[in-house]
Structure formats: C-alpha cells, structure tokens
Amino acid sequence: MGNNLYRKLGAAFLIAAGLIYTIERVGALIARSHEINALYQAQMFDVQPKIHIAGFFDNIFVPILTLIGVILFVYGFPKKTR
C-alpha cells in the first residue's frame, strides 16, 4: 500500500469522525429546542431544562476514528531519507 492510500484513508477517517460528531451535536440541539418549546407551551417559564451538549468523548466512535485517522494521515507522508 502506497503512502497516498494512507493519506486518503486518514482523511476519510477524520471526515467520518467529524461528520458523526456534527450529526450528534445537531441532534442534541434539536432535542433541546423541542424540550424548551414543550416547556413554553406548558407555560413552565420558571423551569430551566438541563443543558447537555454532546462532548467529544460521549460517542466512543468519534475519538477512535479520530485517532486512527491522525495515525494513518501522519503515516502517509513520506519519511525523509538521506
């Protein structure tokens, strides 16, 4: 396997990790907005919902894919030889 393939695989893993993380954060924000909307419809203005924004380590696949992507991406660059 050539260095170019390692770079492409590393980039693909990093993009996949970023995509999963982004989708998870968007889902959490949509769920939070639905919860706030339900509280306003029930006229419960004094109750604040507990805020939980998805963190980097909440989904086990995100750090694993990131680590694999960084390793493959760095390994894909040719080493200097004398």
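May I ask you to list the residues in the range 65-82 that are aliphatic (A, V, I, L, M) and in contact (Cβ under 8 Å) with a residue 12 or more places away in the chain?
Leu65, Ile68, Val70, Ile71, Leu72, Val74
Return only the number of the condition from (1) surrounded by 12 or more Cβ atoms within 10 Å (Cβ to Cβ); (2) under 30 Å from Lys79 (Cβ atoms); (3) free of Cβ contacts under 8 Å to residues at least 24 places away in the same chain that Ala11 does not satisfy.
(3)
Looking only at the range 41-56, decide whether some residue is at pLDDT 80 or above and in a helix (DSSP H, G or I).
Initially, the range 41-56 is screened for residues at pLDDT 80 or above, giving 41-43, 55-56.
Retained after the next criterion (residues that are in a helix (DSSP H, G or I)): 41.
Yes, because at least one residue in the range 41-56 is at pLDDT 80 or above and in a helix (DSSP H, G or I).
Quick one: which of Thr22, Thr66 is surrounded by 13 or more Cβ atoms within 10 Å (Cβ to Cβ), among the hydroxyl-bearing types (Ser, Thr, Tyr) and in a helix (DSSP H, G or I)? Step through it out loud before you land on a result.
Working: Thr22 fails: surrounded by 13 or more Cβ atoms within 10 Å (Cβ to Cβ).
Checking each option against the conditions leaves just Thr66.
I want to confirm something. Restricting to the range 28-63 and keeping residues that are surrounded by fewer than 14 Cβ atoms within 10 Å (Cβ to Cβ) and touching a residue at least 24 places away in the same chain (Cβ under 8 Å), which single residue is nearest to Arg7 (Cα to Cα)?
Among residues in the range 28-63 that are surrounded by fewer than 14 Cβ atoms within 10 Å (Cβ to Cβ) and touching a residue at least 24 places away in the same chain (Cβ under 8 Å), the one nearest to Arg7 (Cα to Cα) is Phe61.
The values are calculated or read from the model by the stated rules, or taken from the named source; none is laboratory data. The model shown is predicted, which means the values in this text are computed figures rather than measured ones. Neighbour counts run over all protein chains shown; Cβ positions are idealised from the backbone, glycine included.
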